[in-house]
Amino acid sequence: MEETCIEMRREAGLPLGTDGSSNGLNIKQLSGKTLIDVLDDAEKKTVQERLWFERRRRLLTYKIGRCYVSFDEKTRPCHFQWVYDSNDNEILEAHFKGEYPSIGPEEVILEHALTLQSSRSRGIHEIARSKIFDMEVRNYGIKQFISFINAQNVPAMRAALHQGFVPVGIRRERWFLFRHRFVFENINEIGKNRTIVDPAMGKLSELVHPGKR
């Protein structure tokens with residue numbers, strides 16, 4: 001069994017692909033009890049949302065990464081985004097067993113983004129990310145953003161391309177005889193030694209070069 005994610009990277013300072021409006025969002029970096037209270041009080045309409053919040057508790061318990069919460073015009077939390085930096089390398093390896101590459105001193109990985117169902121279809125994810133880019137550059141001197149997007153999630157890949165992310169590789173998550181491992185491949189090397197078509201690369205090619213066969 002295998003699950004495939006596209007590794008995408010974005011340089012700081014690129015155009016954001018948004019019109020610059022905040023859409024009434026107020027974005028805060030939260031931690032500790034304040035973050036726990038927000039997570040507990042957030043509206044959870046679906047099973048997927050309830051599972052997402054439950055799985056994030058490990059990040060709070062072990063103080064992994066930093067979390068940005070977006071509040072709407074009625075001060076309700078509507079979007080969440082975790083960010084990992086080089087200070088998290090050791091604890092990420094301990095808890096996620098090779099799921100992430102080593103993060104450089106001026107890099108961050110964007111993970112666990114969630115827009116609550118009640119706030120979707122308003123472009124909140126793209127607006128929130130553009131503001132988070134600015135905050136990370138201004139507050140932490142970040143120069144490169146990394147994101148891993150499931151190869152089946154075409155809307156997310158399309159949004160990332162629109163915001164200046166470039167595909168650089170593939171992460172394959174594999175299970176075999178109850179053993180679990182991650183394999184990283186450079187996008188330029190994929191296919192050189194393969195005799196079958198890679199479905200993930202086919203989807204990506206269609207997004208990067210629409211209409212090209």
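The values are calculated or read from the model by the stated rules, or taken from the named source; none is laboratory data. Small disclaimer: the values here were computed from a predicted structure and weren't measured. No Cβ is skipped: glycine too gets one built from the backbone with ideal geometry, and neighbour counts run over all protein chains shown.
Residue under question is residue 31, and the condition is that it be free of Cβ contacts under 8 Å to residues at least 40 places away in the same chain, surrounded by 11 or more Cβ atoms within 10 Å (Cβ to Cβ), within 20 Å of residue 140 (Cβ to Cβ) and of a type in the set (S, T, N, Q); does it hold?
Here the answer is yes, as residue 31 does meet what is asked.
For region 8-25, the candidate set comprises residues that are more than 16 Å from residue 83 (Cβ to Cβ) and surrounded by 14 or more Cβ atoms within 10 Å (Cβ to Cβ); within that set, the residue that is modelled with the highest pLDDT is 25.
All of 72, 85 fail the test of being modelled with pLDDT under 95 and surrounded by 15 or more Cβ atoms within 10 Å (Cβ to Cβ), apart from 72. Of everything in region 122-141 that is farther than 24 Å from residue 6 by Cβ and part of a loop (DSSP other than H, G, I, E, B), the residue that is modelled with the lowest pLDDT is 122.
Looking only at residues in region 108-140 that are more than 17 Å from the chain's Cα centre (by Cα) and small (Gly, Ala, Ser), the one that is farthest from residue 158 (Cα to Cα) is 118. With a requirement of 2 or more residues that are under 17 Å from residue 133 (Cα atoms) and in contact with a Gly (Cβ under 7 Å, 6 or more places away or on another chain), the strands (runs of 3 or more DSSP E) lying completely within region 41-121 that satisfy it span 77-84.
Take the conditions within 18 Å of the chain's Cα centre (by Cα) and modelled with pLDDT under 95 and apply them to residue 59. Does it pass? Steps first, please.
Numbers: within 18 Å of the chain's Cα centre (by Cα): yes; modelled with pLDDT under 95: yes.
In short, yes.
The residues of region 112-125 that are buried (at least 19 other Cβ atoms within 10 Å of the Cβ) and more than 17 Å from residue 38 (Cα to Cα), listed by number, are 124, 125. Residue 14 meets the conditions (1) more than 20 Å from residue 128 (Cα to Cα); (2) touching a residue at least 40 places away in the same chain (Cβ under 8 Å); (3) in a loop (DSSP other than H, G, I, E, B) in every case but one. The failed one is (1).
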